[in-house]
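Right, one structure below, let's go through it.
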């Protein structure tokens, strides 16, 4: 009789979450809870004591690194808890924090693009559930490179937006300058805060910290 791996899944994207809930049982996984926020993740793991946690890094309530923080906190409480985190892009700080958590075993960091290849994704889950470590090749590449540029993770558009923020422009002024909506500018700035590792506190304070990072990088 094959052993069923009990999984708590945390993903705020409904389509991806429900898709994984439907697919994973075909490969010997039982999704005992599927949640959409970091607090729900903590509650589900505490209640269900799963064999494996799969979580998005960016989760409600702050849509920053809430999922990662929850996973690390859970591994501090239960050092052997296997965790696979999913992200749309690589952050060295996130990977390093995860690798330092718990007893250093049972860790996976994958870009969400890898989930499309379900067999590869399932293979990763099995390795991590067994206590192994699986890092996305792009994560490994960036960890080895260790770029000194603090703005390395930003896209060209995000750099452009940050430069205009540094010049003192408001979101509305930036939107007019770049011929985009103010909402789009707000989204870019949110991504900048996240990629620069700025904590979800007062937005005015984060703008100042982001500008200081930009100015230091462009001395």
Quiz prompt | Fluctuation leader among 208, 165, 31 - the chain, Gaussian network, Cα springs under 10 angstrom | solution = 208
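Taking a ≥ b ≥ c as the square roots of the Cα gyration tensor eigenvalues, with a/c under 1.5 meaning rounded and otherwise prolate when a/b beats b/c, else oblate, which class fits region 61-137?
oblate
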Quiz item: Pick from 118, 57, 107: which is most flexible by mean-square fluctuation in a GNM of the chain where alpha carbon atoms under 10 Å apart are linked?
Solution: 118
Exercise. Using a/c under 1.5 as the rounded threshold, could you call the chain rounded, prolate or oblate? The axes a ≥ b ≥ c are square roots of the C-alpha gyration tensor eigenvalues, and prolate needs a/b larger than b/c, oblate otherwise.
Key: prolate
Quiz item: Quick one: Cα centre-to-centre distance for region 1-45 and region 145-184, in angstrom?
Solution: 36 Å
Quiz prompt | Between helix 14-23 and the chain: long-axis angle, C-alpha atoms, 0 to 90°, nearest 10 | solution = 20 degrees
Exercise. Take the Cα atoms of region 156-217, find their three principal axes, and give me the spread along each one in whole Å, biggest first.
Key: 28, 21, 19
Quiz item: If you average the sequence gap of Cα pairs under 8 Å that are 6 or more apart and divide by the length of region 53-207, what percent do you get for the contact order?
Solution: 18 percent
Quiz prompt | region 5-145, relative contact order [Cα under 8 Å, separation at least 6], % | solution = 20 percent
Quiz item: Name the residues of region 57-74 whose amide N is less than 16 Å from a point 7 angstrom out from the Cα of residue 14 along the C-beta direction?
Solution: 60
Exercise. With everything on Cα atoms, drop me the angle between helix 66-77 and the longest principal axis of the chain, reported from 0 to 90° to the nearest 10.
Key: 50 degrees
Quiz item: Helix 38-48: angle to the longest alpha-carbon principal axis of the chain, degrees 0 to 90, nearest 10?
Solution: 10 degrees
Practice problem: Express the relative contact order of region 156-217 as a whole percentage, based on alpha carbon pairs under 8 Å and six or more residues apart in sequence. | Solution: 38 percent
Exercise. Calculate for the chain the 222 nm mean residue ellipticity that helices alone would give, adding -39,500 (n - 2.57) per DSSP H run of length 4 or more and normalising by residue count, nearest 500 deg cm²/dmol.
Key: -15500 deg cm²/dmol
Exercise. Once you've got the GNM for the chain with C-alpha springs shorter than 10 Å, pick whichever of 35, 23, 85 has the biggest mean-square fluctuation.
Key: 23
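Computed from the coordinates by the stated procedures, all read-outs in this text should not be read as laboratory data. Just so you know, these numbers come straight off a predicted model, no measurement behind them. Every residue, glycine among them, receives a Cβ derived from its backbone with ideal geometry; neighbour counts consider all protein chains shown.
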